Structures are given as structure tokens and as C-alpha cells.
């Protein structure tokens, strides 16, 4: 059975309301997504590992939430992970996991605090889509990579319903600014019959 937070999660809202929702959700988030079989973080970590030459190179876990994505990356063999999120309460939970080198609280639409090349890869797992970050965040993250940098990200079925999301990815691919290494549709939250696409792209 889905939880009221999951029912609310995919509704449209502004950045302040999104932060408030995730702050309020922080205490029960992991139990609620866990009971629905949250599969995307592990899928993303495994996909990124296939294309990463050196798992010791730094990774930015953007929109890290309570750290489930960082934990999946750690279990996938990655050793140097920084996290970033707009919810301070979620970050407190992430800090408890002990998998991050650093954690940063950020405002919506704030510029990235790193330079291209600081990170070999950026993860945006369950970050972009309905009720979450807008597709403009994808451009921001891609600009935060140097040539050869990897980005692993996901669009759940709600995000895929908005054609603008995959269209923006296609703009980067079609002009040769990036190349698609991996795309797979699979489980996201099986308990509510929700799936997601997982992608790995390389900036060229």
C-alpha cells in the first residue's frame, strides 16, 4: 500500500514546498520507499560501475536525500562520494550513513560549487521529474562535467510522461555534446508498479 507521502511526491510544487515535503518526509522516507522495493539506486550504481575506469575518483551525488543513492554507490565499489541536497533534514540522515566525504546543503537553482573536472561522475538518482527538480537541472549538471565525465541519472515513469525530459537529453546527444552509454527501463518502486529509465551518458 502506498504511503501518503508517495501519493504527494509526484505532484507539481515550487522549490520551497518541495523542500518542506522532503524535510517532513525524512524520518519515514527510507521505510516507505523500502517497503515498495526502491530499486533505482542499485540499478544506477551498477550501470555506472560498468563504465567507470577508476572507482576511487570523486563522484557527486546530487539530490542525495537520506543517502540511499550514496550507499548504493558505495556498495557498488565507489569510494569517494560527495552529497548535495536542498533538504537539511534529509542531509542529516545521509550524514548518519558515513558514506560521504562531504555533504552540502544547497538552494534550488543555485550554481554548482565545483568546477568541471572536479568530479569524474555526477549521479542524479530520482532527482529530475514531476514533484522534484526541473529538467533545467540536467543542463546544470552536464555543464559541471569535464570532457569524458560521466552522468548517471534516472527518469521514473512520471518523468517519462513529460516528453520535455527525454527531449532535453536528446538535444545533448544529437549535437554530439554527449554520447549515450546505457539506457534501461526497469523497476523503480515495484510496490506501486512504478518503473524508471536508468541512463549513463558521457560528456564529449
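Just so it is clear, none of the values below were taken in a lab; they were calculated from the coordinates. Only a predicted model underlies this, so the values are computations on that prediction, with no experimental measurement involved. Note that we place each Cβ from the backbone using ideal geometry, even for glycine, and neighbour counts take in every protein chain shown.
Values computed for the structure shown
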{"item": "Listed peptides 63-72, 107-116, 153-162 by packing density, highest first (mean Cβ within 10 Å)", "result": "63-72, 153-162, 107-116"}
{"item": "Overall form of the stretch 132-176 per C-alpha gyration tensor (a/c, 1.5; a/b vs b/c)", "result": "prolate"}
{"item": "Per-residue [θ]222 nm for the chain (sum of -39500 (n - 2.57) over DSSP H runs n ≥ 4, rounded to 500)", "result": "-10500 deg cm²/dmol"}
{"item": "Prolate/oblate/rounded label for the stretch 87-189 (Cα gyration tensor, a/c 1.5)", "result": "oblate"}
{"item": "Simple spin-label estimate for residue 110 and residue 146 in nanometres, 7 Å along Cα-Cβ", "result": "2.5"}
{"item": "Sequence-separation-based contact order of the chain, relative, with Cα cut under 8 Å and 6+ spacing, percent", "result": "23"}
{"item": "Fraction in percent of alpha-carbon pairs per bin - 5 Å, the chain", "result": "1, 8, 17, 22, 23, 17, 9, 3, 0"}
{"item": "Value of Rg to Rh for the stretch 21-68 (Rh from inverse mean 1/r over Cα pairs, i.e. Kirkwood)", "result": "1.05"}
{"item": "Gap separating the Cα centres of the stretch 148-204 and the stretch 59-99, nearest whole Å", "result": "20"}
{"item": "Rounded to 5, percent antiparallel among DSSP beta bridges of the stretch 4-203", "result": "50"}
{"item": "Virtual spin-label span in nm between residue 139 and residue 177, 7 Å along Cα→Cβ", "result": "0.8"}
